[in-house]
Amino acid sequence: APAVLAQAPVTIKMQTSWPASDIWMDFARQYIERVEKMSGGRIKFELLPAGAVVGAFQVLDAVNDGVIDAAHTVPVYWYGKHKAASLFGTGPVFGGSATTMLAWFHQGGGKDLYRELTQEIMGLNLYGFYGFPMPAQPFGWFKNPVGTVGDINGLKYRTVGLAADLMQHMGMSVAQLPGGEIVPAMERGVIDAFEFNNPSSDIRFGSQDVAKNYILSSYHQASESFEFLFNKDVFDDLPEDLQAILEYSVEAASTANTALAMDHYSSDLAKLQNDHGVTVHRTSEEILAAQLEAWDKIIPTLEADPFMKRVLDSQREWVERVVFYELMNSADLALAYEHYFPGKLKL
Amino acid sequence: MTDAHIAVGMLLILILAIFLGFPVAFTLMALGVGFGYYAYYDIGRMWRAYNRAVESGADTYTQLESWIGGFFNNRIFDLFVNQTYSVIQNDVLTAIPLFLFMGYIVERSNIVDRLFSTLYIATRRLPGSMAVAALVTCTLFATATGIVGAVVTLMGLLALPAMLKAKYDVRYATGVICAGGTLGILIPPSILLIVYAATSGISVVRMYAAALLPGLLLAGLYFVYVVSRAVLQPRLAPRPTKEDVGDYSTLQITWMMITSFVPLAFLILAVLGAILFGFATPSEAAAIGALGGLLLALAYRALTWQRLKESVYLTARTSAMVCWLFVGSATFASVFAYLGGQQLISDFVTGLDMSPLMFLIMAQIIIFILGWPLEWTEIIVIFIPIFMPLLPHFGIDPLFFGILVAVNLQTAFLSPPMAMSAYYLKGISPPYVKLTDIFLGMMPYMAIVILCMVIMYVFPGIVFWLPNAVYGG
Amino acid sequence: MLRYISFADDLSAWFGKVFAWGVMIMTLGVSYEVVVRYFFRAPTSWAFDLSYMLYGTLFMMAGAYTLSRDGHVRGDFIYRLWKPRTQAWLELVLYLIFFFPGVTALIFSGWKYAERSWRYMEVSSNSPAGVPIFQFKTVIVAAGILLFLQGVAQVFRCIVCIRTGEWVKAAEDVEELDKVLLETKSLDVLKSGSEAIDLPPGLVQPHEGRPDEKRDGDSR
Ligand code: NA
Ligand code: NA
C-alpha cells in the first residue's frame, strides 16, 4: 500500500562481536546488503563493531534491553548466562558438521529448543536466527608440532567456552586472555599455544608471527554458526514482509558467507604457508580420540540439567540418522582430489 | 540545531560545570544520562506498554503504572548500566588499585631518607651533589610510588632542609624537588599510562615499554640541568665540606647502597621486567610489586598494622577517585558519540587543513593549557577520547601521542595556578621560602619538558625502539 | 541533621573500608597465580575473574566513602576561592540536578540488570571454573544505594553550611601522606623500629623545628 511505501526507512542499529578489521564484519555486511536491497531501501542498517556501544560479550543484554536493535554474534559468548547456549554451535561433536547442525536447527527441532531456552527459560525479549555453518575451527597455533597426547600435556593454551573444559580434561592448562594480549603473551611465553577461529581471522591477528605450526581440524568447536539477534519490540513493530526479509536474509547470507569464507579462508591459508613459512598439519588421530574421550567426561555433567539433556538427545537422534546418510552417501572427495592434484594432500 | 550541535553544547556545559567545582565523576554521569535521555528519546517505546494496557482494557492502576513506567522506558538507563559494568570488569584498570597499594606501602616503608642520605654521600664529589641526590631519589621513589604529592612532601621535609642548611639557592633547591617528584606519572609503572591505555585501547605493556626511554631522557635532562647550573654558578650549590658529610670508605658506601638503593631498584626492575618481558600481565606484575613492597616494608621493620590499614584504605579511596571518573565518562562519551559530536569535531578539525605537525602542536598546546586549571585524571579521561579519533587522519601513532601527553602533563603539576607540586612543597617549607620562588624555580623544568618533547618528535625512535624491540613492529 | 551526616559518613566508611581489604586478597591471589603458573605450570582458573571482581567491588563500594571524605576529583581552582556559603548554595543545587538523577538511575536500572543475572545464576565465561558473576553485578546497585545515602548527607552538609557558614568535616580518618606531612611538618609519622640496617653516624638530616630529634637512621 502507498501508505507503507511513503514511510521513512526503518533504521536498525546492529552491533557485532567482532573488531572493525575482522573478516566477519564483511560477513555481516553481506547480510545487510541483502536486507537493504530486498526491502527496496525500507530497512537501513547502521553496522557497528564490537565496543562501539557495548562490549563483544554484552550484545545479548544490549539487544534484550534495546540499547542496540540487533546483534551479529555467536551464542558461546553468552554461555555464562546459560550453559545450554554452548550446545547451539560449540557443543559435543557426535559426527555432524556445522552444516548438519545448522540443518538440525532448522529442521531437526533445534529452533524450538532455542525458542524454549531464550523465551521460556530465560525470558529474553529477543529473537535469534542462525546462519553460516562455519568450517570446523583449527586446533590452533603451536610453537612445536604436536602429535600425541603427551605432547600437549601441561601446555598453556588459550581458548574459550566449553572448549576450555575440554582442553582442561585433556591435561592442558587453559589460560583466559583478552584478544589483544594473545600475541604478546605467546611471544613472551605466558602461553604456549592458542586457538582463535579461522585462517583469515588468524592471519589478521598476527598469529604467524608467534608460532609456525598451524594445526587444522579439531572437535573442540566444530559446528558453530552465527547468531543474529533482534530486539523483540523492534522486530514485532515491523510489517510482516519486512520481518520475513530480516529472517530469510539470514538464510540468503548463509550461502554468500560460505562462498566468501571458502575464498578467503583458503587463500589466507595458502598465504600462511607460502609467505609466512607456516607448516600446516592436521590434528592427529590420537589427539582427536582423546578429545572425544574428554567430551565423554563432560557430557554427563551437561546432562545433569534436564533441558540440556533434551537438547543433546535431540542432537544425537538427528546426527545418528542424518550423518549415517551423509557419510554413506558422500563420495570419497579426498580420492578425487588426490587423483587430480596428486601429492598435495598429506592426510 | 542538529543533534551534533547539541553534543557540542553538551561538551561546553561539561567544561563550565567542571569549573563550578562539583565532583567531576558525577558531573559526567549526570550530563551523560541527561543528554542520553534526549538522545535515546523514543516516543513509540515510551508509550508502548501504556498503549497495550489501554488496548487490553487493563484496570486504571495498571494503566497509571505503565504510564509512569513510560518515562523510564528509555534506553539510556540500560546503556548506563551496561557501560558501568564494562568499567567494573575492565581488566586493564584492575592494575590501578594494585599499583596504588604498592605505592602507599613503599612511601610508608621508611626507605626514602636512607636512600637520600646514601645517594648524597655517594654523589658528594659531583657539583650540586645534594640536588643530584634529591633528583635521583625523587626519580626512583616517584617510579615506585607514582603518587606525586607524597614524593614532593617527603622530599620537601627531607632534602629541602638539608639543601637550605647547606646554603643552596632557594629556587634551585625547590625546583629540583618539584620536577623530580612529578616524574612518577611518566616513568612506568605509572597510573597515568594505565588510564591512557584504558581510554585509548592501546596495550598497557606497549605504553610502558614506550614510556621508559622518554622517562629516562627527561630525568637525564633534569640531571644535566642541575649539574651544569651548579658548575656555572657554584654559589647556587656550595660544595659540602668533609665535616658536613663525614668520611666514608668505599666499603661503607657500598653497604649503604646495598641496603637502600638496591632493594628499591630491584623492586622497580622486577615489576617492569615482568611486564616488559611478558612474564606477567600488568595487573599480575602490580600484585607482585605490592607483595614486594610489603616484604620490603617488613624488612625495614616499617610494616605496622596501622600503616597497612592506612595503605589499604587510601588505596580504596584513590581507586574510587580515578575509577568513578570512568563510570561517568563511559556513558558521557558514548552519548557524545551517538549524538554525532565526535563526528562534528572531526569534520571541523580535518576541515582546517592542518599539517600533521600543526595538529600535533595544537593538540599538545591544548593539553598544556588544560593542565593549568585541571589535573591529569580529568584531562586524560575526558579530553583524550576527543583527540583519539583525529589521530589516524593526521597519521599520528596513538602510542606516540600518548607518551607526548604523559611528558606534557608533567607541566600540569608545575604550572600555576594549580601547580600541585608547588603547593605541596610550600606547605612544608619554612616561611621564608616564598611560593613565587618555588614557581620561578620550576620554570626552567617546564622549558626542559618542552625540549624533551621536541627531542622526541625529532627522534621518535626514543619512543618506538623499545616496544618494537620487545614486542615487534 | 548532624546526626544523619555522621551516621552516613560512618556507614560509607564502614563499607568502603571493609571492601578495601579486597586489595590484599587481590595481591595474594594474583601473586599465587603467577607463582603456580611459572613454577608448577598449573595456572588457576579463578585468578583472572577474582582480580577484576575485587577491583570493581573495591572501587565501587568505596565511592560513597570517598565522597564523604571529599576525595572525588573536582575542578576546584575557582571554587576554592569562594566563601563556604557560596560553595554550599551552588553544591546544593548541583546535588539536586546532577547527583541524584544519575545515582537513582544507577540503582534502578542496575537492579533490573542484576536481577536478570540472578535469574540465570550467571557465571563468568572466562574460565571453565564457572565463577559466579551475578553477585558482582549487584555491586552496581549496592554502590548506588550507598552513594544515595551519602548524597543525602552531603545535601545536609550544604544546608548546615548555608546556616552556619562553615563546612561540616568528616570524622578523623586516614589521610594521604602529603596531608599528614603538611599538617605535622615532620617525618615522625614514618618513624618506626627500622633499625635493621645501621647507617653511619653524622647522617642526620637537619629537621626543621626538631634539630635534636633522634632519627631512624642514626640509632646506635
Ligand atoms: Na575458537
Ligand atoms: Na597546573
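The values are calculated or read from the model by the stated rules, or taken from the named source; none is laboratory data. Predicted, not measured: the structure shown is a model, and the values here were computed from it. Reconstructed Cβ throughout: ideal geometry from the backbone, glycine too, with neighbour counts over all protein chains shown. Heads up: the accessible areas ignore ligands, DNA and RNA and are worked out on the full protein's heavy atoms, side chains in. Shrake-Rupley method; radii C 1.70, N 1.55, O 1.52, S 1.80 Å.
Under a plain spin-label model, where a point goes 7 Å from the Cα along Cα-to-Cβ, how far apart in nm are B:Gln63 and C:Leu90?
4.8 nm
At 20 °C and 1.002 mPa s, grab the translational diffusion coefficient of region B:348-473 from Stokes-Einstein with a Kirkwood Rh over Cα pairs, rounded to a whole number in µm² per second.
Here the translational diffusion coefficient equals 133 µm²/s.
So what is the accessible area of the protein assembly as shown per residue, in Å², with the probe set to 1.4 Å?
Result: 38 Å² of accessible area for each residue.
Pick from A:Ile68, A:Ile245, A:Ile121 the residue whose mean-square fluctuation is largest in a GNM of chain A, springs joining Cα atoms under 10 Å.
A:Ile121
What does the helix-only formula give at 222 nm for chain B: each DSSP H stretch with n ≥ 4 adding -39500 (n - 2.57), the total divided by the residues, and the result rounded to the nearest 500 deg cm²/dmol?
My calculation for chain B gives -25000 deg cm²/dmol from helical runs alone.
Let me check I have the definition right: for region B:135-249, take the eigenvalues of the Cα gyration tensor, multiply each by 5, take square roots. What are those semi-axes in whole Å, largest first?
Each semi-axis is the square root of five times an eigenvalue, giving 32, 14, 12 Å.
Treating cross-link reach as a plain straight distance, find the lysines whose alpha-carbon is under 20 Å from the alpha-carbon of A:Lys212, omitting any fewer than eight places away in the same chain.
Filter leaves A:Lys143, A:Lys156, A:Lys271, A:Lys344, A:Lys346.
Between B:Glu55 and A:Lys37, how many nm apart are label points set 7 Å from Cα along the C-beta direction?
It works out to 3.5 nm between the two label points.
Enter the mean projected area of the convex hull around the alpha-carbon atoms of region A:242-307, in nm², rounded to one decimal.
The orientation-averaged projected area of the Cα hull of region A:242-307 comes to 8.5 nm².
As an exercise, use a Förster radius of 22 Å and the Cβ-Cβ distance of A:Arg204 and A:Lys344 to find the FRET efficiency, rounded to the nearest 0.05.
0.30
Taking 0.36 nm per residue of separation and subtracting the Cα-Cα distance, what length does fully extending A:Asp275 through A:Glu46 add?
Contour length minus Cα-Cα distance gives 78.8 nm.
Could you sort A:87-93, A:285-291, C:108-114, B:18-24 so that the peptide with the highest average Cβ count within 10 Å comes first and the rest follow in order?
Result, highest mean first: A:87-93, B:18-24, C:108-114, A:285-291.
Tell me the relative contact order for chain A as a rounded percent, counting alpha carbon contacts under 8 Å between residues six or more apart.
23 percent
Take peptide A:58-68, look around each residue's Cβ out to 10 angstrom, count Cβ atoms belonging to other protein chains, and average those counts.
5
Please report the carbon-and-sulfur percent of the accessible area for region C:2-171; probe 1.4 Å, protein heavy atoms only, DNA, RNA and ligands left out.
71 percent
How large is the convex hull of the C-alpha atoms of region B:347-406 per residue, in Å³?
Roughly 80 Å³ of hull volume per residue.
Taking just the C-alpha trace of chain B, give me its Rg and Dmax in Å.
25.4, 98
Between region C:86-161 and region C:63-77, how many Å separate their Cα centres?
With region C:86-161 and region C:63-77 each reduced to a Cα centre, they are spaced 16 Å.
Per q in 0.10, 0.14, 0.15, 0.24 1/Å, what log10 I(q)/I(0) does a Debye calculation on the alpha-carbon atoms of region A:154-261 return?
Once normalised to I(0) and log-transformed, intensities are -0.45, -0.73, -0.78, -1.34.
Computed over the Cα atoms, what is the radius of gyration of chain A divided by 2.2 N^0.38 Å, N being its residue count?
Cα Rg divided by the expected 2.2 N^0.38 Å: 1.02.
Please check which bits of region C:161-176 a label hung off C:Ser6 would reach, taking the label as a point 7 Å along Cα-to-C-beta and the cut-off as backbone N under 20 Å.
C:161-175, by backbone N distance to the label point.
Please give the per residue volume of the convex hull enclosing the alpha carbon atoms of region B:279-381, rounded to a whole number of Å³.
Once divided by residue count, the hull of region B:279-381 is 185 Å³.
Calculate the mean, over all residues of peptide B:100-112, of how many other protein chain Cβ atoms lie within 10 angstrom of the residue's Cβ.
3
Measuring from a point 7 Å past the Cα of B:Leu435 along Cα-to-C-beta, which residues in region C:72-87 have an amide N at less than 15 Å?
Once the point is set 7 Å along Cα→Cβ of B:Leu435, C:76-82 turn out to lie under 15 Å by backbone N, inside region C:72-87.
Lysine pairs in chain B with Cα distance under 23 Å, only those 8 or more apart or on different chains: how many are there?
Qualifying lysine pairs in chain B: 7.
Report ³J(HN,Hα) in whole Hz for each residue of region A:130-136, in order, from the Karplus equation J = 6.51 cos²θ - 1.76 cosθ + 1.60 where θ = phi - 60°; Gly and Pro get x.
The phi angles translate into 10, x, 6, x, 6, x, 3 Hz.
Report the far tail of the P(r) of region B:230-345, meaning the percent of Cα-Cα pairs longer than 25 Å.
59 percent
Order B:Trp47, A:Trp18 by their accessible area, 1.4 angstrom probe, all chains in place, largest first.
B:Trp47, A:Trp18
Going toward the positive end of the dipole of the protein assembly as shown, with +1 on Lys and Arg Cβ and -1 on Asp and Glu Cβ, which of B:Ser429, B:Ala316, A:Trp78 do you reach last?
B:Ser429
For an R0 of 22 angstrom, estimate the FRET efficiency from the Cβ-Cβ distance between A:Asp151 and A:Lys297 and round to the nearest 0.05.
0.60
What is the ratio of the Cα radius of gyration of region C:2-171 to 2.2 N^0.38 Å, where N is its residue count, to two decimals?
Dividing the Cα radius of gyration by 2.2 N^0.38 Å gives 1.28.
What distance in nm separates the two pseudo spin-label positions at C:Trp167 and A:Arg310, each 7 Å out from Cα along the beta-carbon direction?
Taking the simple label geometry, C:Trp167 and A:Arg310 are separated by 6.1 nm.
Express the Stokes-Einstein translational diffusion coefficient of the protein assembly as shown in µm² s⁻¹, to the nearest whole number, given a Kirkwood radius over alpha-carbon pairs, 20 °C and a viscosity of 1.002 mPa s.
69 µm²/s
Tell me, what HN-Hα J-couplings in whole Hz come from the Karplus equation 6.51 cos²θ - 1.76 cosθ + 1.60 at θ = phi - 60° for each residue of region B:222-232, using x for Gly and Pro?
The phi angles translate into 4, 4, 4, 4, 4, 5, 5, 5, 5, 6, 6 Hz.
Within the set of other residues whose C-beta is less than 15 Å from the C-beta of A:Ser217, count the net charge using Lys and Arg as +1 and Asp and Glu as -1.
Taking every Cβ under 15 Å from that of A:Ser217, the sum is -3.
When you count, for each residue, the other Cβ atoms within 10 Å and take the mean per peptide, how do B:213-226, A:307-320 rank with the highest first?
B:213-226, A:307-320
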